[in-house]
Amino acid sequence: MTTAEMPQTAATTPAADNTLLDVRGLKMYFPVTAGILFQRAVAHIKAVDDVHFTVRRGETLGLVGESGCGKTTTGRCILRLYRPTDGEIWFDGVDLAQARANQMRAMRRRMQIIFQDPYSSLNPRMTAGNIIGEPLAVHGLVNNRREYRERVAELLNNVGLNPYMADRFPHEFSGGQRQRIGVARALSVDPSFIVCDEPVSALDVSIQAQIINLLEDLQERYELTYLFIAHDLSVVRHISDRVAVMYLGKIVEIADRNAIYENPQHPYTRALLSAVPIPDPVLDAQRERIILSGEVPSPLNPPSGCVFHPRCPIATEDCSRVLPEAREVMPDHIAACINVPGYGPY
């Protein structure tokens, strides 16, 4: 279904040139309830809090940050696995945040997800062929059993697995092979956008490289667009075109991957990069280490002003009262820090 074919009740707007996904002011708050019979919300966990970013057609945007910062929640909100508390999610001109269930069913063919854990994301009672082929049947993409088997065999072959493995169950595969099945399942409906939710974090290093190379090959072959969620900065640098850094539910920096790694602007990004191991022991000993004090604040009660200021090595008194908005501090380089050169008056 094209944008023009969407029902009139769906919010639509012309998509910007070369922009496939435009996230504006995305918020996802989870209520904390109290009471037994009459439960009421007494507080909210601000998992994602006023996030803005775009993803261009055919690119890979890497989304990085510490565990619990809201990366996975952001990806699931985009796919409407969670209904956002507030904000807009414009996908090719359609606001998914306002779309109804029947409208989302038509859009889901264009958006898929590869889950983090290849062991829990596959149904142990289904064969690999049925796991991959189920979306084909759900969306009516095959007309008969023969087409079904041929398409499943093609998908298995595309991800580097032999078609005869279609009759095996998940427990008969290794972790890397299971993740390939997850990739094939995501590809089965010919999507244009895939959320890769830490797809290699549960795999051995040698297998990680194989899966990353597979994703890159598939992206080139099928003109795919990725949101690649990860906490391994070396993996993100290898596969991403641009990188967005997230902290406590907020995007603090977005830039080209080379700009992020060679000239980071936000102090949190600098701290993350200073912790990345370097193979050369001489260079590793010479570089500056940034040790962050304290722990990550709770999203249940985030600090006032800049959420990073309690741990920031360059924080000033203003940081505790001013909530910095993301601004362009260099060409195509966005940061949310009032102490960054080029940020301007606030």
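Screening Ala255, Ala202 for residues that are within 30 Å of Gly294 (Cβ to Cβ), in contact with a Gly (Cβ under 7 Å, 6 or more places away or on another chain) and of a type in the set (Gly, Ala, Ser) leaves exactly one candidate, Ala202.
State yes or no: is Glu223 touching a residue at least 12 places away in the same chain (Cβ under 8 Å) and either buried (at least 23 other Cβ atoms within 10 Å of the Cβ) or charged (D, E, K, R) (or both)? Yes, satisfied.
Return yes or no: is Tyr247 within 23 Å of Leu272 (Cβ to Cβ), at pLDDT 95 or above, in contact with a His (Cβ under 9 Å, 6 or more places away or on another chain) and of a type in the set (Ser, Thr, Tyr)? When the stated conditions are applied, Tyr247 passes them. When Leu292 is tested against (1) buried (at least 17 other Cβ atoms within 10 Å of the Cβ); (2) under 30 Å from Asp22 (Cβ atoms); (3) among the hydrophobic types (A, V, I, L, M, F, W, C), just one condition goes unmet, and that condition is (2). Of the helices (runs of 4 or more DSSP H) contained entirely in the stretch 87-174, those carrying at least 2 residues that are basic (Lys, Arg) fall at 145-158.
The set of residues in the stretch 60-75 being modelled with pLDDT of 95 or more and either in contact with a Cys (Cβ under 9 Å, 6 or more places away or on another chain) or surrounded by fewer than 18 Cβ atoms within 10 Å (Cβ to Cβ) (or both) consists of Thr60, Gly75.
Quick check on the stretch 245-266: of everything there that is crowded, with 22+ Cβ neighbours inside 10 Å and touching a Ser or Thr at 6+ places or on another chain (Cβ under 6 Å), which residue is nearest to Cys319 (Cα to Cα)? Among residues in the stretch 245-266 that are crowded, with 22+ Cβ neighbours inside 10 Å and touching a Ser or Thr at 6+ places or on another chain (Cβ under 6 Å), the one nearest to Cys319 (Cα to Cα) is Glu253. Within the stretch 183-226, the only residue that satisfies the criterion of being more than 18 Å from the chain's Cα centre (by Cα), assigned to a helix (DSSP H, G or I), of a type in the set (Gly, Ala, Ser) and closer than 25 Å to Leu136 by Cβ is Ala184. Filtering the stretch 26-55 to residues that are polar (S, T, N, Q) and either assigned to a strand (DSSP E or B) or on the phi > 0 side of the Ramachandran plot (or both) leaves Thr33, Thr54. Go through the residues of the stretch 73-82 one by one and say whether even a single one is basic (Lys, Arg) and farther than 22 Å from Arg57 by Cα. Taking every residue of the stretch 73-82 in turn, none turns out to be basic (Lys, Arg) and farther than 22 Å from Arg57 by Cα.
Screening Leu203, Leu227, Leu214, Leu218 for residues that are farther than 15 Å from Leu79 by Cβ and touching a Leu at 6+ places or on another chain (Cβ under 9 Å) leaves exactly one candidate, Leu218. Could you say whether any residue in the stretch 242-257 is under 21 Å from Gln177 (Cα atoms) and of a type in the set (Lys, Arg)? Scanning the stretch 242-257 turns up no residue that is under 21 Å from Gln177 (Cα atoms) and of a type in the set (Lys, Arg).
Figure legend. Inter-residue proximity from the stretch 21-38: first residues touching a residue at least 60 places away in the same chain (Cβ under 8 Å) and of a type in the set (Lys, Arg), second residues surrounded by 15 or more Cβ atoms within 10 Å (Cβ to Cβ) and not in a strand (DSSP E or B), beta-carbon distance below 6 Å, spacing 6+ or different chains. Indicated pairs: Lys27/Thr85. Got at least one residue in the stretch 90-103 being of a type in the set (Phe, Trp, Tyr) and crowded, with 20+ Cβ neighbours inside 10 Å? Looking for residues that are of a type in the set (Phe, Trp, Tyr) and crowded, with 20+ Cβ neighbours inside 10 Å, one finds at least one in the stretch 90-103, hence yes. Test Ile278 against the stated conditions and say whether it is surrounded by fewer than 18 Cβ atoms within 10 Å (Cβ to Cβ), in contact with a Pro (Cβ under 9 Å, 6 or more places away or on another chain) and without any contact (Cβ under 8 Å) to a residue 24 or more places away in the chain. Against the criterion (surrounded by fewer than 18 Cβ atoms within 10 Å (Cβ to Cβ), in contact with a Pro (Cβ under 9 Å, 6 or more places away or on another chain) and without any contact (Cβ under 8 Å) to a residue 24 or more places away in the chain), Ile278 does not qualify.
The helices (runs of 4 or more DSSP H) falling completely within the stretch 232-346 that include 1 or more residues that are under 30 Å from Gln219 (Cα atoms) map to 233-239, 257-262, 267-274.
Ala285 passes every criterion in (1) over 23 Å from Gly62 (Cβ atoms); (2) at pLDDT below 90; (3) touching a Ser or Thr at 6+ places or on another chain (Cβ under 9 Å); (4) not acidic (Asp, Glu) apart from (3).
Every residue, every condition in (1) within 28 Å of Gly93 (Cα to Cα); (2) among the aliphatic types (A, V, I, L, M); (3) more than 24 Å from the chain's Cα centre (by Cα), yes or no:
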residue	(1), (2), (3)
Gln112	yes, no, no
Ile131	no, yes, no
Leu136	yes, yes, yes
Tyr148	no, no, yes
Val152	no, yes, yes
Asn162	no, no, yes
Met165	no, yes, yes
Ser174	no, no, yes
Arg180	no, no, no
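If the condition is being of a type in the set (Lys, Arg) and either modelled with pLDDT of 95 or more or touching a Leu at 6+ places or on another chain (Cβ under 9 Å) (or both), then the stretch 84-109 contributes Arg108, Arg109.
The values are calculated or read from the model by the stated rules, or taken from the named source; none is laboratory data. Just so you know, these numbers come straight off a predicted model, no measurement behind them. No Cβ is skipped: glycine too gets one built from the backbone with ideal geometry, and neighbour counts run over all protein chains shown.
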